[in-house]
Every structure is written in C-alpha cells, then in structure tokens.
Amino acid sequence: QCSYQFLAFVPPSGGSLREAGTASVMVDTPHPLTLLLNSSAADTQLCKIEYHFGEFGNYSLVVKTLNASTKTVSCDLIINEGPINSYLPILFAFLVYMGILAVLIAVRLFMKIDPVRNWVYKKLNPRETDRLINSELGSPNTTDSINCDPAPHSWSTASRQRLHSLDTFRGLSLVIMVFVNYGGGKYWFFKHESWNGLTVADLVFPWFVFIMGTSIALSLSSMLRWGSSKWKVLRKILWRSFLLILLGIIVVNPNYCLGPLSWDNLRIPGVLQRLGFTYLVVAALELLFTRAESGTWEAPYPALQDILPYWPQWIFILMLEVVWLCLTFLLPVPDCPRGYLGPGGIGDFGNYPNCTGGAAGYIDRLLLGEKHIYQHPSSSVTYQTTMPYDPEGILGTINSIVMAFLGLQAGKITLFYKDQHKQIMSRFVIWSIVMGIISAILTKCSKEEGFIPVNKNLWSISYVTTTACFAFILLLLIYYLVDVKKLWSGAPFFYPGMNSILVYIGHEVFENYFPFKWKMQDSQSHAEHLTQNLTATTLWVIISYVLYRRRIFWKI
C-alpha cells in the first residue's frame, strides 16, 4: 500500500531505433518491487511489472511500440548479468565456526584422557597440577544476590546449583543482539523490520526481557527464603532500576561523546531505560505477592497452581493491557485516523505522512519532545517517513512489562514443579501453544491484514505473544539440553549470559573502535561486513569467557 515514487524519466528515442532512449537506475533488492511505466504525453499506464531483483544483478527493461495508432507497447525484462549469491559468506562463516567447534570438541575429548590431561596441566603450571585436576574451576558463584543470580537456591537447596539454561538463554539473546547492532553483515533479515513483520533482529530484545522476568521469579524467591526482608529487597530493586535507567541515558546514547550535559538532542527512551522500568514494575509486582515459604499452594485446579495464587498480578497485567488497547485505538491523534497503526510516510498510499506510529508516536512527541526521541526509525528507509519515532517509547513499555511477566510465569513454573522435568517442559509447551493461538487470532496469520499486526516498533500485543511463543520453545530446548540431559554446557553463550550488562554496555561504547571496527576495502561487500561483525561479536564472547575464568562479574 505504498504510493508510487518517481524513479526515472526515459527520454524519447527521436524516431531512431539505433539510439533508443535510456535511463539507468539502482533499485532495492530485499523485497519484490513493482515498476509502473507511464506515458508522459498522454499520462496513461503503458505497462506494469512486478519482479524481485537480485543483488548486484544488471537488468534491462526494454519497451517497444507495437502499434503506434493503438499506442500498445511491449515491456520485456532482460537479465544482462545475473545477480550474485549473497548468502555464500554466511555458509562460509558457518563452516568456519563448525570447524572451530569440532576442534574444541576434539580437544575436550583428549583432555578426558588422564595421561594427556596430566601432561597439559603440568606444562601449564607444575605447582598447581593437583589443585587444577581436583577442583571444579569455573563453576558459577552461588552467592550472588538478586542482581546476577537468577536461580541459585530456589532450584536445589542441597547442591545450590544454578540453572545454566537461563544464563545460556540470556547469553544467546545477547550475542545475537550484539551481532545485529554491529550490522548483521548488512543482510536484511539481520536488520529490524521496516514496520509490520518479524526478522531475526526483532526476536532478541523481547527474549532478553522475557528471561529477565524468569530471573526475577527465581531470585526473589531465593532471597526471601534465605531471610532477606521485603524492604531490603525493594531497596535493591529500586537501586538497580535507577542504575539501568541512568546508564541508558548517560552512557548508552548517541551524544555520550559530547558529554553528559548535551541535553538539547538527548534521546530519553532506550533499551536500558526500558529494561530498568520494566524490571522495576515486574519485580515490585512479584515482591508484593510472593511468599518466602516453600512448598506448593493447594489450588482447586492443579493445572493452574502456578497461576491462581497470583490472580491479583494477572488482573494488574490485564488492566495494563486494557490501558494499552484504549490508548492505541481510542486516543485522538491530530490529523490522523483513530486507531492508526501504520508507518506514515508513503505507506497507506501516502494519506497519513505525519502519523508514524499513531498514538504511540504522538504520546512520545507530546510528553518527551521530538528532539528527545529516536530520529532515524527503521520505517524511514522503506516508507520515507520524516517524523521521529522511538521504538522504545512510552506506550510500548506497557507491553514490554507484559513480556517480562510472561517470563516471570516461566520462572514460577520452575519453582512450582521443582525437579519435575516433564511437568516443567509440558507447561512450557502449553504456554507456547497458547501464545501461538493468541497470535494467530490477532494477526489472522497475516503480516498486514490482522486485527493487530506483529510490529516491533509499536511493541504490539501480537508481537509480544509471538515472540513469547518462540521464547517458551527456545527455553524448553535449552533447558532440556543443558539442565535435564546435560548434553550441552551452554558454552559459549553461557559466558556472556553471566556478564550481560557489561557486554551490552561495552559493545555500545566501543562500537567504533578497533578491533571491533575497521575501514573496509569494499563497503558494498557482505563478506567484509560479515567478517567484521562476526569478529566483533566473537571478541565479546572471548572477553566474557576470560572474565568468567577470573570470576569477574559486573553486577548492578
């Protein structure tokens, strides 16, 4: 539903067939395009072609007059030079990482052979051979508090083992987030969707919010059972939320190089700001109704025993969602249709160019000011929008709270069904199915035609239920492999998951510094971009591993 945009004027041939009028243009390749050829003399449509052009391909659209009297023409698309296979760098990178993984597995298998292990340890440090052999180096510290220890005591008070699957899930989300923020090899599916729809890049932030909610349930239960008062825990919640918001505003913002006093164009919303406020609401809500005593609550419906004891929380969340729905669909926005969910710009045939985001964009511009929100939204390229719009704005924060609450529910499942692996996994499956059904109803299984489309910029409720559906499935798989069958240690994602705040802030602050970025020979090359982005991401994984081995964890 985009209005047609002028691409080129083709001059007339002047009656000479040897010197046909020509015009050269470049077109986008991520999505199919529609080319409309009009006659400038009669302002009539000559031909219309829909085609998905390939990257670096060279094409000719040859237009010939078949009958001058009837003004009929033929339009033929000719491929002069075939497009390149832009996905080969991804395949090559995959093979390289698989080779590294194979080498590491082989080394680990060799290290299980006693003579080999003893020889290696003796070469590394002869004085500490016995201590290294007999100790369990690298086991997570179980004395962490609410800040960085999502599940120490609540899972197994006897062994005080940590749920490695949570750190692995968090680390996987963080690694993909870092890769995407660094450019994702300049592939369209590693970038945020322009408006409606879902790409790989759109999954990671809600997953991070989801696992934060899971950690809240486990850590609060642990702290209260080990004697901490609710007031003490509340002070920690308030302090951590304040620090996250402060770091987001002062450190992780486009103006941090200009100093903390460059307020004129300072972006107020942001990722850490949303995490901090979401954490505050969900943690306070859980603290208000959680109980320090262990054991399960005798519910009249056993299948709902992880839900019914917390019915006030569910009422609060449902009321929040009603607020979001009312503001989104009922709030009057000047010069825009009520309930508008579109991108503005040339979208919707260019009828609402200044209505980007509808009520969500209007609320941010009204309360925060146009200069203090994101100036280059993902809709600006495809839909040529000119209005600033912030994907981490005020209205969308309501649904990020809902997302964290669904993660909180996953944490409650692991508490209520402690050590009952089949029950935990079956509940994850049920919740995933429920979220998927809600998404199917809201979207009508369509990208554009649903009641509420999946939209990361708006953080629509269908976006929350869809990503939550995937989050429950992913957590189920990681939980099964890491904590149930112990077929996987969680490496290498486990390490950044243990130092998530440090990795996130570090990758933002040092984004433009070597060795995370360097000048490329060919800025149009996927291979060079992918190499640079994967190198930077891998370096942060290595840094987090070194910090883990040295038992250095940055806690907030």
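Miscellaneous remarks
- Accessible solvent surface per residue of the chain, calculated while the other protein chains remain in place, 1.4 angstrom probe, Å²: 52 Å²
- Surface share of carbon and sulfur [accessible, 1.4 angstrom probe, percent] for the stretch 1-84: 52 percent
- If you sort Lys486, Lys236 by accessible surface, 1.4 Å probe, largest first, the order is Lys486, Lys236.
- Listed residue (Gly350, Pro377, Leu243) projecting farthest to the positive dipole end of the chain, Cβ model: Leu243
- Contact order normalised by residue count of the chain, Cα under 8 Å, 6+ apart, percent: 17 percent
- When Tyr545, Tyr513 are compared by accessible area at a 1.4 angstrom probe, the order from most to least is Tyr513, Tyr545.
- Accessible-area value, Val429, 1.4 Å probe, nucleic acids and ligands omitted, Å²: 60 Å²
- Under a model in which nothing but the beta-carbon of Lys, Arg (+1) and Asp, Glu (-1) is charged, the chain shows a dipole of about 2020 debye around its Cα centre.
- Put simply, the stretch 1-84 fits an ellipsoid with semi-axes of 23, 16, 11 Å; these come from the alpha carbon gyration tensor as the roots of five times its eigenvalues, largest first.
- Rounded to the nearest 500, the helix-only mean residue ellipticity at 222 nm of the chain stands at -15500 deg cm²/dmol, with each DSSP H run of n ≥ 4 adding -39,500 (n - 2.57).
The values are calculated or read from the model by the stated rules, or taken from the named source; none is laboratory data. Quick caveat: nothing in here was measured; it's all calculated off a predicted structure. As a convention, Cβ positions derive from the backbone with ideal geometry for all residues, glycine included, and neighbour counts pool all protein chains shown. We work out accessible area using only protein heavy atoms, side chains counted, and drop any ligands, DNA or RNA first. Shrake-Rupley method; radii C 1.70, N 1.55, O 1.52, S 1.80 Å.
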